[in-house]
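The values are calculated or read from the model by the stated rules, or taken from the named source; none is laboratory data. This structure is a prediction, so every number in the text was calculated from the model and none was measured. All Cβ positions, even for glycine, are placed from backbone atoms using ideal geometry, and neighbour counts span all protein chains on display. Protein only, heavy atoms only, side chains kept; ligands, DNA and RNA dropped before computing areas. Shrake-Rupley method; radii C 1.70, N 1.55, O 1.52, S 1.80 Å.
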Amino acid sequence: MYNFIQKFHSGWAYLALLLLVVAVINAVIGMTSKKEFTAKDRKIALFGLIATHIQLVVGLILYFVSEIGFKAFATEGAMKIPALRLTMLEHPLINIIAIALITIGWSKHKKATSSEAKFKSIAIFFGLGLLLILSRIPWSLWI
């Protein structure tokens, strides 16, 4: 079961990142071209939001069953091992912050009245979330 969750978390990350990139690019294009915010734009951002939330739930499950997740805090000197510190602390913490930013961007876009403000909220918050996620991916384990 652990292997399935781990593979799902790694595989789903590709989809989540792709959807986030598409949402950010769509929002930047919409903002710069001053086009009207449509249902298509809303769905693109919504799919990015849903994908990242699914990734968070699966990641939290993995975090609590993995030897390099929460259980690694019992390892003496774990914080001195960069790869272990990344998987047990930095990756989950920064990604939770990133997904919180993405959620804030989604909420702010819903309250905005103009198309430009909607695109701007998505571009800024989803973009920041994407950058944070990319900064803390354990590349050596993922690729």
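Return one whole number: the accessible area per residue of the chain in Å², for a 1.4 Å probe. Display every interim value, and only then the final one.
Working: 8270 Å² over 143 residues.
Solvent-accessible surface per residue comes out at 58 Å².
For the pair I96 and K34, what calculated FRET efficiency results from E = 1/(1 + (r/R0)^6), where r is the Cβ-Cβ distance and R0 = 41 Å, to the nearest 0.05?
Details: r = 34 Å, r/R0 = 0.83.
Calculated transfer efficiency: 0.75.
What percent does the relative contact order of the chain come to when contacts are Cα pairs within less than 8 Å and at least six residues apart?
Values: 158 pairs, mean separation 45.2, N = 143.
Relative contact order for the chain comes out at 32 percent.
Could you please state, rounded to a whole Å, how far the C-alpha centre of the stretch 81-143 is from the C-alpha centre of the stretch 41-71?
With the stretch 81-143 and the stretch 41-71 each reduced to a Cα centre, they are spaced 11 Å.
May I ask you to list the trypsin sites (Lys or Arg not before Pro) in the stretch 2-42 that are in a DSSP loop and have at most 14 other Cβ atoms within 10 Å of their Cβ?
Numbers: sites: K7, K34, K35, K40, R42; in loops: K34, K35.
Hits after loop and neighbour filter: K34, K35.
Percent of accessible area on the chain owned by carbon and sulfur, 1.4 Å probe? Each step should come with its number before you reach the end.
Values: 5990 of 8270 Å².
Of all accessible area on the chain, carbon and sulfur atoms account for 72 percent.
I'm a student and want to see the number: the projected area of the Cα convex hull of the stretch 1-103, averaged over all directions, in nm².
Values: hull surface 29.8 nm².
Orientation-averaged projected area of the Cα hull: 7.5 nm².
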